[in-house]
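One structure is given here, and the rest of the page talks about it.
The values are calculated or read from the model by the stated rules, or taken from the named source; none is laboratory data. On a predicted model such as this, the values are computed, not experimentally measured, just so you know. Cβ placement follows ideal geometry from the backbone for every residue including glycine, while neighbour counts extend to all protein chains displayed. We work out accessible area using only protein heavy atoms, side chains counted, and drop any ligands, DNA or RNA first. Shrake-Rupley method; radii C 1.70, N 1.55, O 1.52, S 1.80 Å.
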Amino acid sequence: MSRKVVLAANWKMNLTMKQSCELVDNICNKMKDRENCEIILFPSFLHIPAIMEKIRNKNIGLGGQNLYFEEKGAYTGEVAAFQLVDAGCSHVLIGHSERRHYFQENYETVNKKVLRALAAGLKVMLCVGESLEERENNVTEMVVVDQIVSAMQNISIKNLPDISIAYEPIWAIGTGRNATPADAAHVHKIIRKAVGRIFNTEVASEISILYGGSVKPENIKELMAEEDIDGVLVGGASLKPESFLELIKRIQS
Ligand code: PGA
(Lines give C-alpha, C1' and ligand atoms only; values in the text may rest on other atoms or scores of the structure.)
Protein backbone atom coordinates (compact mmCIF):
# COMPACT_ATOMS: atom_id res chain seq x y z
CA MET A 1 0.00 0.00 0.00
CA SER A 2 1.47 3.35 -0.92
CA ARG A 3 -0.06 6.64 0.07
CA LYS A 4 0.71 9.61 -2.11
CA VAL A 5 3.12 12.22 -0.77
CA VAL A 6 1.34 15.57 -0.50
CA LEU A 7 2.79 19.06 -0.26
CA ALA A 8 0.00 21.56 0.45
CA ALA A 9 0.57 25.31 0.66
CA ASN A 10 -1.74 27.49 2.73
CA TRP A 11 -1.10 31.10 1.80
CA LYS A 12 -3.66 32.38 4.31
CA MET A 13 -4.38 36.15 4.02
CA ASN A 14 -1.05 36.92 2.35
CA LEU A 15 0.26 38.08 -1.05
CA THR A 16 -1.08 40.46 -3.68
CA MET A 17 -2.39 39.08 -6.96
CA LYS A 18 0.95 39.88 -8.60
CA GLN A 19 2.93 38.17 -5.85
CA SER A 20 0.75 35.03 -5.93
CA CYS A 21 1.08 34.80 -9.71
CA GLU A 22 4.84 35.29 -9.60
CA LEU A 23 5.15 32.62 -6.94
CA VAL A 24 3.14 30.17 -9.06
CA ASP A 25 5.21 31.02 -12.17
CA ASN A 26 8.38 30.41 -10.23
CA ILE A 27 7.20 27.06 -8.93
CA CYS A 28 5.96 25.89 -12.33
CA ASN A 29 9.08 26.99 -14.18
CA LYS A 30 11.71 25.85 -11.75
CA MET A 31 10.40 22.71 -10.14
CA LYS A 32 12.10 19.58 -11.30
CA ASP A 33 10.71 16.11 -11.34
CA ARG A 34 8.05 15.37 -8.78
CA GLU A 35 6.81 11.97 -9.80
CA ASN A 36 5.32 10.95 -6.54
CA CYS A 37 4.43 14.28 -4.97
CA GLU A 38 1.03 15.92 -5.19
CA ILE A 39 1.16 19.72 -4.84
CA ILE A 40 -1.94 21.61 -3.74
CA LEU A 41 -2.15 25.41 -3.47
CA PHE A 42 -4.59 27.23 -1.19
CA PRO A 43 -4.37 30.90 -2.21
CA SER A 44 -6.75 33.78 -1.47
CA PHE A 45 -10.19 33.25 -3.02
CA LEU A 46 -9.56 36.34 -5.16
CA HIS A 47 -6.49 34.84 -6.78
CA ILE A 48 -7.97 31.45 -7.65
CA PRO A 49 -9.06 32.20 -11.26
CA ALA A 50 -5.71 33.74 -12.22
CA ILE A 51 -3.76 30.89 -10.65
CA MET A 52 -6.06 28.36 -12.30
CA GLU A 53 -4.97 29.71 -15.70
CA LYS A 54 -1.32 29.32 -14.74
CA ILE A 55 -1.50 25.75 -13.50
CA ARG A 56 -3.68 24.38 -16.28
CA ASN A 57 -2.17 21.04 -17.39
CA LYS A 58 0.48 21.24 -14.69
CA ASN A 59 -1.03 18.63 -12.43
CA ILE A 60 -1.17 20.94 -9.42
CA GLY A 61 -4.23 21.00 -7.18
CA LEU A 62 -5.98 24.23 -6.27
CA GLY A 63 -8.24 24.85 -3.32
CA GLY A 64 -10.16 27.35 -1.24
CA GLN A 65 -9.13 28.02 2.35
CA ASN A 66 -12.75 27.82 3.47
CA LEU A 67 -16.33 27.64 2.21
CA TYR A 68 -19.82 28.12 3.59
CA PHE A 69 -21.93 25.13 4.46
CA GLU A 70 -25.19 26.29 2.87
CA GLU A 71 -25.63 25.48 -0.79
CA LYS A 72 -26.29 29.04 -2.06
CA GLY A 73 -28.40 32.10 -1.42
CA ALA A 74 -28.52 35.15 0.82
CA TYR A 75 -25.27 34.75 2.79
CA THR A 76 -23.46 38.01 2.15
CA GLY A 77 -19.71 37.69 2.03
CA GLU A 78 -19.59 33.90 1.94
CA VAL A 79 -18.24 31.57 -0.75
CA ALA A 80 -20.15 28.46 -1.83
CA ALA A 81 -18.75 25.02 -2.61
CA PHE A 82 -20.18 25.12 -6.14
CA GLN A 83 -18.43 28.46 -6.73
CA LEU A 84 -15.09 26.93 -5.78
CA VAL A 85 -15.71 24.08 -8.21
CA ASP A 86 -16.81 26.54 -10.88
CA ALA A 87 -13.57 28.51 -10.42
CA GLY A 88 -11.52 25.37 -10.97
CA CYS A 89 -10.83 24.23 -7.42
CA SER A 90 -10.27 20.58 -6.72
CA HIS A 91 -9.81 20.98 -2.96
CA VAL A 92 -10.89 22.91 0.11
CA LEU A 93 -9.36 23.33 3.55
CA ILE A 94 -11.87 22.84 6.34
CA GLY A 95 -11.55 23.40 10.06
CA HIS A 96 -8.20 25.17 10.12
CA SER A 97 -7.46 26.17 13.71
CA GLU A 98 -7.44 29.83 12.72
CA ARG A 99 -11.03 29.42 11.52
CA ARG A 100 -12.00 27.51 14.65
CA HIS A 101 -10.36 30.14 16.86
CA TYR A 102 -11.07 33.50 15.17
CA PHE A 103 -14.34 32.62 13.43
CA GLN A 104 -15.94 30.34 16.00
CA GLU A 105 -16.10 27.29 13.78
CA ASN A 106 -17.19 24.35 15.87
CA TYR A 107 -17.76 20.60 15.53
CA GLU A 108 -21.14 21.15 13.90
CA THR A 109 -20.15 23.79 11.35
CA VAL A 110 -16.99 21.90 10.43
CA ASN A 111 -19.05 18.76 9.81
CA LYS A 112 -21.60 20.67 7.72
CA LYS A 113 -18.80 22.16 5.66
CA VAL A 114 -17.23 18.75 5.06
CA LEU A 115 -20.59 17.37 3.91
CA ARG A 116 -21.23 20.35 1.61
CA ALA A 117 -17.77 20.16 0.07
CA LEU A 118 -18.05 16.43 -0.63
CA ALA A 119 -21.52 16.85 -2.11
CA ALA A 120 -20.12 19.47 -4.48
CA GLY A 121 -17.32 17.15 -5.57
CA LEU A 122 -14.46 18.85 -3.74
CA LYS A 123 -11.67 16.99 -1.99
CA VAL A 124 -11.51 17.95 1.66
CA MET A 125 -8.38 18.62 3.68
CA LEU A 126 -9.67 18.47 7.23
CA CYS A 127 -7.50 20.25 9.81
CA VAL A 128 -7.31 19.15 13.42
CA GLY A 129 -4.98 19.91 16.30
CA GLU A 130 -4.70 20.73 19.97
CA SER A 131 -3.79 23.97 21.74
CA LEU A 132 -0.74 24.30 23.96
CA GLU A 133 -2.95 24.20 27.03
CA GLU A 134 -4.58 20.99 25.85
CA ARG A 135 -1.18 19.43 25.18
CA GLU A 136 0.07 20.43 28.61
CA ASN A 137 -3.08 18.96 30.17
CA ASN A 138 -2.42 15.67 28.36
CA VAL A 139 -5.69 15.75 26.43
CA THR A 140 -4.21 15.94 22.92
CA GLU A 141 -5.51 12.50 21.94
CA MET A 142 -9.00 13.18 23.21
CA VAL A 143 -9.19 16.58 21.49
CA VAL A 144 -7.95 15.33 18.15
CA VAL A 145 -10.15 12.21 18.17
CA ASP A 146 -13.21 14.33 19.06
CA GLN A 147 -12.41 16.65 16.15
CA ILE A 148 -12.16 13.69 13.77
CA VAL A 149 -15.27 11.89 15.01
CA SER A 150 -17.42 15.03 14.89
CA ALA A 151 -16.17 16.08 11.45
CA MET A 152 -16.89 12.60 10.03
CA GLN A 153 -20.53 12.47 11.15
CA ASN A 154 -22.82 11.20 8.36
CA ILE A 155 -19.93 10.75 5.96
CA SER A 156 -20.16 7.74 3.74
CA ILE A 157 -17.21 5.38 3.47
CA LYS A 158 -17.23 5.89 -0.28
CA ASN A 159 -16.24 9.53 0.32
CA LEU A 160 -13.10 8.64 2.26
CA PRO A 161 -10.80 8.73 -0.80
CA ASP A 162 -11.81 12.41 -1.10
CA ILE A 163 -10.69 13.27 2.41
CA SER A 164 -7.24 13.91 3.79
CA ILE A 165 -6.42 15.04 7.30
CA ALA A 166 -3.90 17.66 8.38
CA TYR A 167 -2.69 17.39 11.95
CA GLU A 168 -1.61 20.85 13.00
CA PRO A 169 -0.82 21.39 16.67
CA ILE A 170 -1.91 24.99 17.25
CA TRP A 171 1.19 25.80 19.29
CA ALA A 172 3.34 24.91 16.28
CA ILE A 173 1.57 27.07 13.69
CA GLY A 174 3.57 30.12 12.67
CA THR A 175 5.67 29.90 15.84
CA GLY A 176 8.82 28.35 14.45
CA ARG A 177 8.32 25.54 16.96
CA ASN A 178 7.43 22.32 15.17
CA ALA A 179 6.33 19.13 16.86
CA THR A 180 9.11 16.57 17.01
CA PRO A 181 8.72 13.97 14.28
CA ALA A 182 8.06 11.32 16.93
CA ASP A 183 5.36 13.41 18.65
CA ALA A 184 3.68 14.17 15.35
CA ALA A 185 3.89 10.53 14.23
CA HIS A 186 2.32 9.43 17.52
CA VAL A 187 -0.72 11.66 16.93
CA HIS A 188 -0.91 10.59 13.28
CA LYS A 189 -1.18 6.97 14.45
CA ILE A 190 -3.99 7.92 16.81
CA ILE A 191 -5.79 9.72 13.98
CA ARG A 192 -5.44 6.70 11.69
CA LYS A 193 -6.78 4.44 14.43
CA ALA A 194 -9.74 6.77 14.98
CA VAL A 195 -10.56 6.71 11.27
CA GLY A 196 -10.27 2.91 11.41
CA ARG A 197 -12.78 2.75 14.27
CA ILE A 198 -15.26 4.99 12.43
CA PHE A 199 -14.92 3.17 9.09
CA ASN A 200 -12.48 0.27 8.88
CA THR A 201 -8.74 -0.31 9.06
CA GLU A 202 -8.38 -0.81 5.35
CA VAL A 203 -9.67 2.64 4.38
CA ALA A 204 -7.84 4.12 7.36
CA SER A 205 -4.57 2.75 6.02
CA GLU A 206 -5.20 4.60 2.77
CA ILE A 207 -6.08 8.04 4.07
CA SER A 208 -3.34 10.68 3.77
CA ILE A 209 -2.44 12.35 7.04
CA LEU A 210 -0.35 15.50 6.71
CA TYR A 211 1.57 17.35 9.38
CA GLY A 212 1.43 21.14 9.59
CA GLY A 213 3.02 23.70 11.89
CA SER A 214 6.32 25.45 11.18
CA VAL A 215 7.35 23.02 8.45
CA LYS A 216 10.40 24.33 6.61
CA PRO A 217 13.15 22.97 4.37
CA GLU A 218 15.28 22.26 7.45
CA ASN A 219 12.79 19.92 9.12
CA ILE A 220 10.72 18.44 6.29
CA LYS A 221 12.94 15.39 5.78
CA GLU A 222 12.88 14.21 9.36
CA LEU A 223 9.10 14.66 9.52
CA MET A 224 8.58 12.77 6.27
CA ALA A 225 10.80 9.95 7.50
CA GLU A 226 7.98 8.91 9.85
CA GLU A 227 5.81 6.16 8.42
CA ASP A 228 2.49 7.75 9.31
CA ILE A 229 3.35 11.24 8.03
CA ASP A 230 2.22 11.32 4.41
CA GLY A 231 2.80 14.94 3.60
CA VAL A 232 2.86 18.47 4.92
CA LEU A 233 0.63 21.53 5.05
CA VAL A 234 2.89 24.57 4.96
CA GLY A 235 2.11 28.21 5.68
CA GLY A 236 5.04 30.60 6.07
CA ALA A 237 7.66 28.56 4.21
CA SER A 238 5.42 28.27 1.16
CA LEU A 239 5.27 32.03 0.59
CA LYS A 240 8.73 32.33 -0.97
CA PRO A 241 9.80 30.54 -4.16
CA GLU A 242 13.23 29.54 -2.80
CA SER A 243 11.84 27.75 0.25
CA PHE A 244 8.85 26.32 -1.66
CA LEU A 245 11.15 24.79 -4.28
CA GLU A 246 13.43 23.47 -1.57
CA LEU A 247 10.43 21.84 0.14
CA ILE A 248 9.47 20.11 -3.12
CA LYS A 249 13.03 18.88 -3.52
CA ARG A 250 13.44 17.62 0.03
CA ILE A 251 10.00 16.06 0.44
CA GLN A 252 10.98 13.50 -2.18
CA SER A 253 14.59 12.82 -1.35
P1 PGA B 1 2.98 27.54 9.29
O2 PGA B 1 1.39 27.38 9.04
O3 PGA B 1 3.68 26.61 8.34
O4 PGA B 1 3.26 29.00 8.98
O5 PGA B 1 3.22 27.20 10.71
C6 PGA B 1 0.82 26.12 8.81
C7 PGA B 1 -0.68 26.22 8.68
O8 PGA B 1 -1.32 26.95 9.45
O9 PGA B 1 -1.30 25.57 7.81
Q | Heavy-atom SASA rank of Asp86, Asp162 (probe 1.4 Å, accessible area, largest first) | A | Asp86, Asp162
Q | Relative contact order of the chain, pairs being alpha-carbon contacts under 8 Å that are 6 or more residues apart, as % | A | 21
Q. Quick one: with all protein chains in place, what share of the accessible area of the chain is carbon or sulfur, to the nearest percent (1.4 Å probe)?
A. 50
Q. Distance in nm between label sites at Phe45 and Val139, each 7 Å beyond Cα in the beta-carbon direction?
A. 3.3
Q) Once every DSSP H run of n ≥ 4 in the chain is given -39500 (n - 2.57) and the sum is divided by its residues, what mean residue ellipticity at 222 nm do you get, rounded to the nearest 500 deg cm²/dmol? A) -12000 deg cm²/dmol
Q: Calculate, for the chain, the solvent-accessible area per residue in square angstrom, rolling a 1.4 angstrom probe over the heavy atoms of the protein chains.
A: 48
Q: Report, in debye and to the nearest 20, how large the dipole of the chain comes out about its Cα centre when Lys and Arg carry +1 and Asp and Glu carry -1 on their Cβ.
A: 600
Q: Note down the Stokes-Einstein diffusion coefficient of the chain in µm²/s, whole number, using a Kirkwood radius over alpha carbon pairs, 10 °C, and 1.306 mPa s.
A: 88
Q. Along the positive direction of the dipole of the chain (beta-carbon charges: Lys, Arg +1; Asp, Glu -1; about the Cα centre), which of Ile40, Leu245, Asn57 reaches farthest?
A. Asn57
Q: Just report the Cα centroid separation between region 73-134 and region 9-26, whole Å.
A: 21
